[in-house]
Structure formats: structure tokens, C-alpha cells
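**Student:** Provided herewith is a single structure, encoded as C-alpha cells, for subsequent inquiry.
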Amino acid sequence: MSLDQRTVVAAQISAAAACNALAALRLAITEGLEAGLSKEEIQEVVNLAKNVQQQPISHVTHLTDQMLREQKKKPHVHSPNCGCGEHHS
């Protein structure tokens, strides 16, 4: 598959914006302007990437909720009345 330069640069701008990679974003925007993308086109690509970032990540949310719901085994503190039979002298 072969992509034209404008599409490649738009993808680079989008990826840099989505990753919050400012140095890469600066370079990609510069390349986009040199490749003939308008300021409006670049802004639209950045806005699309920012919108994707704001979408809920359902798998991450599900896993986080599941892990925080699970009972955590608390460390056992030995005391004379705990009844575990492993008292330290």
C-alpha cells in the first residue's frame, strides 16, 4: 500500500497528538505545512486525535474496576490472641 505525503503527515500529526509527544508533533506540523496541509486541516487532525483521547477506554476501565473490587489479602500481624500458632518469641 502506498500513501501520499499529505496522508502520511496527517497520520504523523495524529499519532503525535494522541501520544502527547510534543517534539514529534512540532516536527509533524512543520512537515505538514511544507507538504501543503492548511492550518485548518492540521487543526482538524489534531482535534480528531484529541477527541479520541477523551473517549472512555472500556477495557482499561473494566480491568481497573475489577482489580479494585477484588479482596486484597492483608498482611497478618501476629499478636498473643490471634490464634494462628505462629507467634514469635
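**Student:** Which FRET efficiency value, to the nearest 0.05, is calculated for Thr64 and Ala15 with the Förster distance at 22 angstrom and r the Cβ-Cβ distance? Walk me through the numbers before you get to the answer.
**Tutor:** Details: r = 25 Å, r/R0 = 1.13.
Rounded to the nearest 0.05, the efficiency is 0.35.
**Student:** Just the accessible area per residue of region 5-55, please: how many Å² with a 1.4 Å probe? Intermediate results must be reported in sequence, preceding the final value.
**Tutor:** Numbers: 3410 Å² over 51 residues.
Accessible area per residue, region 5-55: 67 Å².
**Student:** How long are the three semi-axes of the equivalent ellipsoid for region 5-55, computed from the Cα gyration tensor as the root of 5 times each eigenvalue, in whole Å, largest first?
**Tutor:** 17, 11, 8
**Student:** Percent of accessible area on region 5-55 owned by carbon and sulfur, 1.4 Å probe? Could you put the intermediate results ahead of the total?
**Tutor:** Numbers: 1910 of 3410 Å².
Answer for region 5-55 is 56 percent, counting heavy atoms of protein chains only.
**Student:** If you don't mind, there's one more thing I want to ask. Work out how much length Glu41 to Ser79 would gain on full extension: take 0.36 nm times their residue separation and subtract the Cα-Cα distance, in nm to one decimal.
**Tutor:** Values: separation 38, 0.36 × 38 = 13.68 nm, distance 6.85 nm.
Extra length available between Glu41 and Ser79 comes to 6.8 nm.
**Student:** Report the local net charge at Gln5: Lys and Arg +1, Asp and Glu -1, summed over other residues whose C-beta lies under 15 Å from its C-beta.
**Tutor:** Value of the local net charge: -3.
**Student:** A further question on this structure: Just how large is the dipole of region 5-55 about the Cα centre, in debye to the nearest 20, putting +1 at every Lys and Arg Cβ and -1 at every Asp and Glu Cβ? Mind dumping the intermediate values first?
**Tutor:** On the way: 4 positive and 5 negative charges, 27 e Å.
Its charge dipole is roughly 120 debye.
The values are calculated or read from the model by the stated rules, or taken from the named source; none is laboratory data. Here the structure is a predicted model, which is why all the values come from computation and not from measurement. Neighbour counts run over all protein chains shown; Cβ positions are idealised from the backbone, glycine included. Accessible surface areas use protein heavy atoms only, side chains included; no ligands, DNA or RNA. Shrake-Rupley method; radii C 1.70, N 1.55, O 1.52, S 1.80 Å.
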